[in-house]
1. Taking only pairs six or more apart or across chains, which ones have beta-carbon atoms under 6 Å, a first residue in the range 22-45 that is under 21 Å from Leu259 (Cβ atoms), and a second residue that is of a type in the set (Phe, Trp, Tyr) and open to solvent by 10 Å² or more (accessible area, probe 1.4 Å)?
2. If the Cβ limit is 6 Å and pairs must be 6+ apart or interchain, which residue in the range 58-75 that is over 11 Å from Val142 (Cβ atoms) pairs with which residue that is open to solvent by 60 Å² or more (accessible area, probe 1.4 Å) and in a helix (DSSP H, G or I)?
3. Of all residues being modelled with pLDDT of 95 or more and open to solvent by 20 Å² or more (accessible area, probe 1.4 Å) in the range 36-55, which is farthest from Met1 (Cα to Cα)? Just the residue, please.
4. Name every residue in the range 248-260 that is under 21 Å from Ser198 (Cα atoms) and among the hydrophobic types (A, V, I, L, M, F, W, C), in order of residue number.
5. Checking the conditions here, which among Leu136, Leu171, Leu179 is among the aliphatic types (A, V, I, L, M) and assigned to a strand (DSSP E or B)?
6. Going through Thr39, Thr80 one at a time, which residue ends up being polar (S, T, N, Q) and more than 18 Å from the chain's Cα centre (by Cα)?
7. Could you list, in sequence order, the residues of the range 152-174 that are touching a Leu at 6+ places or on another chain (Cβ under 8 Å) and either among the small types (Gly, Ala, Ser) or under 17 Å from Arg96 (Cα atoms) (or both)?
Amino acid sequence: MRIHHLNCGCMCPLGGALYDGFSKGVHAHLICHCLLIETDRDGLVLVDTGFGEQDMTQPQRRLPAFFRALNNIQYRRELTALHQIQQLGFQAADVRHIVLTHLDFDHAGGITDFPNARLHLMQDEIASVRAQRTWLDRRRYVDQQWRTTDDWHGYAPGGEKWFGFDAVRELDGLPPEILLIPLPGHTTGHAGVAISHSDGWLLHGGDAWFYRGEMAARYHCTPGLRFYQWMMEKDRQARLENQQRLRALAQQESAGVTLFCSHDAKEYERLRQG
């Protein structure tokens, strides 16, 4: 398998380094870290989609006003997964599977760009999307970003263990090297995506954490991202417990697991150059 790291979105909220830990100006720089996996027999697999083409051209219809303002979303078509996949010489139809950490607007916006792809995610996340019980649910989940949830492939938590975490293996139609790792907390059905490759494991942690310092031996997170995680969490206890377990895994060099989250630009730069 060949793995490409893609940045499929840009958000520049006020706060600068109080958000991202490095920006010099008043605006921070947050990304949408996705993966494109070239498999031997199963076509292309996209892990999260970031923002889609219609999000960039019709943001008023596709993206919630609250988050457009709060996150200062940048409308750059060249950052969409579809555009970058085409630049690599592929077409939308080549993407046969999309594996989703969760369905927040900045992770699922590109679903409609790949109408032939099979969608894989936790069943609890599908249930949350269908229920949309709270004001925040109705902002974070955007129905216009997908046509239906009826044909999605939802998976129950549990199964075999992966470094002490539950792991959903044998995803329908996907190679055995790709696993869903249930990591609830940020959303009810939030998950990580683990990929086995020649140098060990990659774990796309989605929004289980937001800042690289959260996986360090001495925990550190910027005030802005600490607030944002608190605002968006569905289950605080589960989120913090999973962060602690992930932090412990990150310290086990012998495990051979490289962890990264969705929005840290420094993590993305390190892995892309890598």
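1. Taking only residues 6 or more apart or on different chains, the pairs are Ile31/Tyr268; His33/Tyr268.
2. Partner pairs satisfying both residue conditions: Phe66/Arg139.
3. Of the residues in the range 36-55, the ones modelled with pLDDT of 95 or more are 36-38, 44-55.
Still in the list and also open to solvent by 20 Å² or more (accessible area, probe 1.4 Å): 38, 53-54.
Working: Glu38: 5, Glu53: 27, Gln54: 30 Å.
Of everything passing the filter in the range 36-55, Gln54 is farthest from Met1 (Cα to Cα).
4. Keep residues of the range 248-260 that are under 21 Å from Ser198 (Cα atoms), which gives 249-260.
Listed by number, the residues that qualify are Leu249, Ala250, Ala255, Val257, Leu259, Phe260.
5. Details: Leu136 fails: assigned to a strand (DSSP E or B); Leu171 fails: assigned to a strand (DSSP E or B).
One residue alone meets the criteria, Leu179.
6. Numbers: Thr80 fails: more than 18 Å from the chain's Cα centre (by Cα).
That would be Thr39, the only listed residue that is polar (S, T, N, Q) and more than 18 Å from the chain's Cα centre (by Cα).
7. Just the residues of the range 152-174 that are touching a Leu at 6+ places or on another chain (Cβ under 8 Å), to begin with: 152-155, 162-165, 167-169, 171.
Residues satisfying the conditions are Trp152, His153, Gly154, Gly164, Ala167, Leu171.
Here's the yes/no breakdown for (1) out of contact with any Lys or Arg (no Cβ under 9 Å at 6 or more places or on another chain); (2) free of Cβ contacts under 8 Å to residues at least 24 places away in the same chain; (3) over 18 Å from Leu183 (Cα atoms); (4) buried (at least 17 other Cβ atoms within 10 Å of the Cβ):
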{"position": "Ser198", "(1), (2), (3), (4)": "yes, yes, yes, no"}
{"position": "Trp201", "(1), (2), (3), (4)": "yes, no, no, yes"}
{"position": "Gly206", "(1), (2), (3), (4)": "yes, no, no, yes"}
{"position": "Trp209", "(1), (2), (3), (4)": "no, no, no, yes"}
{"position": "Arg218", "(1), (2), (3), (4)": "yes, yes, yes, no"}
{"position": "Gln229", "(1), (2), (3), (4)": "no, no, no, yes"}
{"position": "Arg236", "(1), (2), (3), (4)": "yes, no, no, no"}
{"position": "Glu241", "(1), (2), (3), (4)": "yes, no, no, no"}
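The values are calculated or read from the model by the stated rules, or taken from the named source; none is laboratory data. Quick caveat: nothing in here was measured; it's all calculated off a predicted structure. When we count neighbours, we look across all protein chains shown, and the Cβ atoms used for this are built from the backbone with ideal geometry, even at glycine. In case anyone asks, the SASA skips ligands and DNA or RNA and just uses the protein heavy atoms, side chains included. Shrake-Rupley method; radii C 1.70, N 1.55, O 1.52, S 1.80 Å.
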